[in-house]
Number of protein chains: 2
Amino acid sequence: MNSKAIGRIWHLDGWRNGPLPQTDPRVDEPAVGGDSRTPQRVVPGIANLHSHAFQRAMAGMAESQTNREDSFWTWRETMYRFADRFTPESLYSVAAQLYAEMLEAGFTTVCEFHYLHHGPGGKPWPNPAAMSSALVEAAADVGIRMTLLPVLYMTGGFDGRPLEPRQQRFGHTVDGYLRLLDTLRTKENGRLRIGCALHSLRAVPAQAMREVLAALPTDSRVHIHIAEQLPEVEECLRLRGSRPVQWLLDHADVDERWTLVHATHLDDAELAAVARSGATVAICPTTEANLGDGLFRLRDYLEAGGRWGVGSDSNSSVSPVEELRWLEYGQRLVTRRRNIAVSAETPSVGETLLQGVLASASDSTGHRLDPVGPDMLVLDGDAPQFAGATEADVVDRWIFSGNRPLVRQAWVDGRCVVDGGRHTDADAIAARYRQTVAGLLAHER
Amino acid sequence: MNSKAIGRIWHLDGWRNGPLPQTDPRVDEPAVGGDSRTPQRVVPGIANLHSHAFQRAMAGMAESQTNREDSFWTWRETMYRFADRFTPESLYSVAAQLYAEMLEAGFTTVCEFHYLHHGPGGKPWPNPAAMSSALVEAAADVGIRMTLLPVLYMTGGFDGRPLEPRQQRFGHTVDGYLRLLDTLRTKENGRLRIGCALHSLRAVPAQAMREVLAALPTDSRVHIHIAEQLPEVEECLRLRGSRPVQWLLDHADVDERWTLVHATHLDDAELAAVARSGATVAICPTTEANLGDGLFRLRDYLEAGGRWGVGSDSNSSVSPVEELRWLEYGQRLVTRRRNIAVSAETPSVGETLLQGVLASASDSTGHRLDPVGPDMLVLDGDAPQFAGATEADVVDRWIFSGNRPLVRQAWVDGRCVVDGGRHTDADAIAARYRQTVAGLLAHER
C-alpha cells in the first residue's frame, strides 16, 4: 500500500483551495482553515463495497425465537418474504434513508448489489429497469456516489435447477440482463457507474458467466458473492470439482476489475491466488457476524499483499467504523493478540485499515476516487474522542473509541450532504421511510 | 430467567404514575403517555458491571505500530504509563465525561473497579481516599448510580512477588484496604454502594483474600478479574495446582454476591460450577476483543442456567448495544449459526440479552434494581430504526440495527439526566474533559 498518498491527506494540499467553505457556520471555529488542529479532522470518504439496500428495512427483525438455531439459510427465508413486498416506490424510500445514514456514518460511495428486479411472481415491471432506477434516483437525491451492480441470477443451485417461486423476482436470461445493463448505462454520469454483478456461482451457470463477461465493456467492474458459507463450498466441490474461488480463478480472468464479496472460506492456495490477482475482497464484518458466516483470514491475506475493502451488506449496521473495528477485533479474538493490521510501513492499525479501503476503492467501484479528491469527511474535532489528537492517532481515535457519530460534514463531488452530523434532508427522508416501513409491515401482519 | 417481570415493562404499571413527565416538551408527541406506541419506547436502564474509568482517556491510543504483535501484556504497559499521570482532579474529569457517555448510551448504573488509589511512586494522597472520592463525586454530579469497588492489589504474580514500581500506585496492605472501605462506606446512600474488588488471584495472596472476605459485611458484593488470559490460567495451574476459577470455587464461598469478571477461559467443570454458584459473570465483549482475550462460552453457559451481565471495562467503547450485539455475534461466528441467545422461554435474542442483564443486576451491583424501578430509558420512538416496531421486536431493533444513539432520555432514581439524547450538562463536562486530556497528553509528549 502506498502511504504517501495518505500522508497528503493531513496537509490538505488538494482541498485547501477546493470546494470547502472556509468556515462552517454551525460551529464556533473554522471546520477547515488556519488553526493548527484542522488537518486532524479531515479524512477521505469511505467506499461501501457491498450493499443490499432493501434489507435495511428488516434490521432487527430476524432475531426472534421462531428463528432459533437459525442459520444463513433460514435467515434467507425471512429475507425472501420481505423482498417480495417491495415496489419501486418503497425501494426508493428505503434506499434514500439508508444512503443518508451511510453518508452520516462516513460512506460516500455505495456499490449497490441489486437483485430485486421484478414485481410479484417474477413479472417484470412495466419499465423493466424500474427497481434499478429507484435506487439510482435515491442515490442521486441523497447525494451519495453510486456504483449500481445489477445482479445476474439464473439458477437455484450449482446443479442448474430453476429458480424457486420466491426467487423469480430476481431472475434474468442473459439477453434480458444485458439489455438491462444497456438501458442503465445511458444514465451513467460522474457520480453513477454501472457495473456487473454475478449473484454467485450457484446462481449463474458457467456458460452464462462466459457470455456475460464476453459482452461487458472491457473496463466494467464485476462483483460476485463467493465462499460465504461452507455448504456453498461443499456443493461446488461436489458438482464442479473444485472450491468456488479456485473454480472462478480457473474460469475467468480475475483481475483488479473484480471484487469478490466475502471470500470467507479460502484455503491457502486460493488466498494466495486472490492476493496475486489484484482483485478486491469485499469483507462485510457486521453481516458476516450476524449471519454466522465466519471470519475472513485478514492476517494471512494482508501478509500475502491482498487488496480489500468493506461493505455493510445486509445493512443491519451502517458504519465504516464498526466494520473496520470489528474486522480487526475478529482477528484479535482468533489470534489472541492485539494490533493485527499493522506493519513496518503503516504507523497504526487505524491507518492500515484506512489505507486498505482507500487503496482498493477506485478499482472496485469504477469511480476515480482520489484520497484527496472531492469526497471527504470532516470529523468533529471538538468531540471528546479527539481531545489532544495528533496526525498520528486521529484515525485510531475515530475507529477505536466507540460508536458515537463523529462525522460532522460529508462532502461528495464537492457537495456538502451532511452538516452538523445530519443529512441535509434527513427529516423528510426519515418521515417518508417510516411511512414506507409501516406499509411494508402492515402487509406482513 | 423470569420473563414475567420483563413483560411488565411494556405495560409501564410501575411508571405510569411515577416520576416521569407526561409529555416531553422536546418532541412532537408524548414520550410517555396515552398513544399506542408509547410502551415500545421504554426499557429499563442497563447496569454496567465493569469499568475502569481512567482508561477511557486512552481509547484509540494503543493501536500504533510500536505495539505491533501486541498482546494484553504489552497493552498493560501502555496503560500503566497512562495511569501514572492521574490526580484526583483529572480522574474526576475523565470519569464525569465517561459516565455522561454511559448514560447517553443506556448504562444507568456503573460498577467502578477502582485500583488507581495512590499518587506518584505509590505515595498515598493526603486524603488516602481522594481518588475514590473523585469517582464518587463524578458519579454523583453526573447522576449515574454507582457501585464503587475499591480494589485490593498486593502482589505482582501468583508467586507473591512484590509490586513493580509502576504497580505501586495500586497497592494496599489488608489493613489499609479495610480502612479505605470503612471510610468510603460512610458515603453510601441510595445511589452509591461500596463493594469489594479483589484485583485477581495473581494480585491477592490466599491468606489476604481470606482475611478480607472474613472482614466484609455479609451482604457485601465481591468482584474479581479471573481467567481473562491463558498465561494467567497456566501460571495458576503451575503454582496453585488448579485453574483459577476452580481454585476460587475451592477457596471461597462463591455465591450470588460474587461477580467474576471475564471468566473467558473456563473448562466444562468450571463452567457448570460457576453456573450453579449463583455468581454473575461480567462479560466485556468489546474489551475482550480489543485485548485479544477470547470469547466467553455464552452458549454453553446459558444452557447451564448461568447468570451474567456486561461491562464496558476499558471503555474503548461505551455502549450496552455494542456489548450485547457482539456478545451474540461472537457466538454466531464460532458456531456458524444465528440466534444463539434464544430459547423456548424468550421470544427473541434481544429479549434474552436484556433479561439476562436485568436478572443479574441487583445481585451484582448491590443496588435494588427493579426492572420497573426508577432507572429507565426512553428510546427515540421516532427514529427510523423503530418504524413499525411492536412489543415483540422493539428490543431487537434497538440492539440489532446498528450504533446510532437511540436513547432519548435516561432517568436515574427519578431524575432525568439525559434529554434529547444528550446529558443535561454535556457541554460543560466535555469542555473540562478536553482540557484534562490535553494536560495528560502534554505530560506524555
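The values are calculated or read from the model by the stated rules, or taken from the named source; none is laboratory data. Model, not experiment: these values are computed from the prediction. Please note: Cβ atoms are built from the backbone with ideal geometry, for glycine as well, and neighbour counts cover all protein chains shown. Heads up: the accessible areas ignore ligands, DNA and RNA and are worked out on the full protein's heavy atoms, side chains in. Shrake-Rupley method; radii C 1.70, N 1.55, O 1.52, S 1.80 Å.
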Original post:
Which residues, counting only those in the range B:240-256, are under 24 Å from B:T287 (Cα atoms), open to solvent by less than 40 Å² (accessible area, probe 1.4 Å) and touching an Asp or Glu at 6+ places or on another chain (Cβ under 8 Å)?
Top reply: B:P244, B:V245
Subject >> Residue within the range B:343-360 that is under 21 Å from B:T287 (Cα atoms) and among the polar types (S, T, N, Q) present >> reply: yes
Subject >> Filter result (open to solvent by 20 Å² or more (accessible area, probe 1.4 Å) and either basic (K, R) or within 9 Å of chain A (Cβ to nearest Cβ) (or both)) within the range B:394-428 >> reply: B:N403, B:R404, B:P405, B:R415, B:R422
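Does B:T390 fit the bill of being touching a residue at least 40 places away in the same chain (Cβ under 8 Å), of a type in the set (S, T, Y) and over 23 Å from B:V281 (Cα atoms)?
Working: touching a residue at least 40 places away in the same chain (Cβ under 8 Å): yes; of a type in the set (S, T, Y): yes; over 23 Å from B:V281 (Cα atoms): yes.
In short, yes.
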Subject >> Count - residues of the range A:180-198 that are assigned to a helix (DSSP H, G or I) and either among the aliphatic types (A, V, I, L, M) or touching a residue at least 40 places away in the same chain (Cβ under 8 Å) (or both) >> reply: 4
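Does the range A:118-141 contain at least one residue that is under 26 Å from A:V310 (Cα atoms) and in a loop (DSSP other than H, G, I, E, B)?
Narrowing the range A:118-141 to residues under 26 Å from A:V310 (Cα atoms): A:131-141.
In the following step, the residues that additionally are in a loop (DSSP other than H, G, I, E, B) were identified as none.
No.
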Original post:
Scanning for something open to solvent by 20 Å² or more (accessible area, probe 1.4 Å), of a type outside the set (A, V, I, L, M) and more than 14 Å from chain B (Cβ to nearest Cβ), does the range A:372-392 turn up at least one residue?
Top reply: yes
**OP:** Determine if the range B:275-290 includes at least one residue that is open to solvent by 60 Å² or more (accessible area, probe 1.4 Å) and at pLDDT 95 or above.
**Re:** yes
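Which residues, taken from the range A:315-335, are hydroxyl-bearing (S, T, Y), open to solvent by less than 30 Å² (accessible area, probe 1.4 Å) and part of a helix (DSSP H, G or I)? Outline the logic, then answer.
Taking the range A:315-335 and keeping what is hydroxyl-bearing (S, T, Y), we get A:316-317, A:319, A:329, A:335.
If we keep only those that are open to solvent by less than 30 Å² (accessible area, probe 1.4 Å) too, we end up with A:316-317, A:319, A:329.
Residue satisfying the conditions is A:Y329 alone.
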**OP:** Any residue in the range A:157-173 that's over 15 Å from A:R76 (Cβ atoms): show its pairings with residues that are open to solvent by 80 Å² or more (accessible area, probe 1.4 Å) and not charged (D, E, K, R) at Cβ separation under 7 Å, as long as the two are six or more apart or on different chains.
**Re:** A:F158/A:L239; A:D159/A:L239
**OP:** Scan (1) touching a helix residue (DSSP H, G or I) at 6+ places or on another chain (Cβ under 8 Å); (2) away from chain A (no Cβ under 13 Å) for the single condition B:A272 breaks and write down its number.
**Re:** (1)
Original post:
Scanning for something under 19 Å from B:H423 (Cβ atoms), open to solvent by less than 10 Å² (accessible area, probe 1.4 Å) and aliphatic (A, V, I, L, M), does the range B:79-88 turn up at least one residue?
Top reply: no
**OP:** Would you mind listing the helices (runs of 4 or more DSSP H) fully within the range B:1-115 where at least 3 residues are at pLDDT 50 or above?
**Re:** B:72-83, B:88-105
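Quick check, is A:L358 touching a helix residue (DSSP H, G or I) at 6+ places or on another chain (Cβ under 9 Å), in contact (Cβ under 8 Å) with a residue 12 or more places away in the chain, surrounded by fewer than 24 Cβ atoms within 10 Å (Cβ to Cβ) and outside any loop (DSSP other than H, G, I, E, B)? Please lay out each step first, then the result.
Working: touching a helix residue (DSSP H, G or I) at 6+ places or on another chain (Cβ under 9 Å): yes; in contact (Cβ under 8 Å) with a residue 12 or more places away in the chain: yes; surrounded by fewer than 24 Cβ atoms within 10 Å (Cβ to Cβ): yes; outside any loop (DSSP other than H, G, I, E, B): yes.
Yes.
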**OP:** Considering (1) at pLDDT below 95; (2) crowded, with 24+ Cβ neighbours inside 10 Å, say which one B:V142 fails and leave the rest.
**Re:** (1)
Original post:
Would a scan of the range B:342-355 turn up a residue that is away from every other protein chain (no Cβ under 12 Å) and surrounded by fewer than 24 Cβ atoms within 10 Å (Cβ to Cβ)?
Top reply: yes
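Can you name every residue in the range B:199-239 that is assigned to a helix (DSSP H, G or I), crowded, with 18+ Cβ neighbours inside 10 Å and not hydrophobic (A, V, I, L, M, F, W, C)? Let's see the steps before the verdict.
Within the range B:199-239, the first condition is being assigned to a helix (DSSP H, G or I), and the residues that meet it are B:206-215, B:230-239.
Now narrow it down to the ones that are crowded, with 18+ Cβ neighbours inside 10 Å: B:208-209, B:212, B:232-233, B:236.
Result: B:E232, single match.
When the range A:315-340 is examined, which residues are found to be within 9 Å of chain B (Cβ to nearest Cβ) and hydrophobic (A, V, I, L, M, F, W, C)?
Step one: filter the range A:315-340 for residues within 9 Å of chain B (Cβ to nearest Cβ), giving A:315-319, A:321-322, A:325-326, A:328-340.
The answer is A:V318, A:V321, A:W326, A:L333, A:V334, A:I340.
Just the residues that are more than 14 Å from chain B (Cβ to nearest Cβ), assigned to a loop (DSSP other than H, G, I, E, B) and touching a Phe, Trp or Tyr at 6+ places or on another chain (Cβ under 6 Å), please, taken from the range A:276-314.
Residues of the range A:276-314 more than 14 Å from chain B (Cβ to nearest Cβ): A:276-282, A:300-301, A:304-311.
Of the ones still in play, those that are also assigned to a loop (DSSP other than H, G, I, E, B) are A:278-279, A:304-306, A:311.
Residue satisfying the conditions is A:A279 alone.
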Original post:
Within the range B:257-265, is even one residue open to solvent by 60 Å² or more (accessible area, probe 1.4 Å), of a type outside the set (V, I, T) and within 14 Å of chain A (Cβ to nearest Cβ)?
Top reply: no
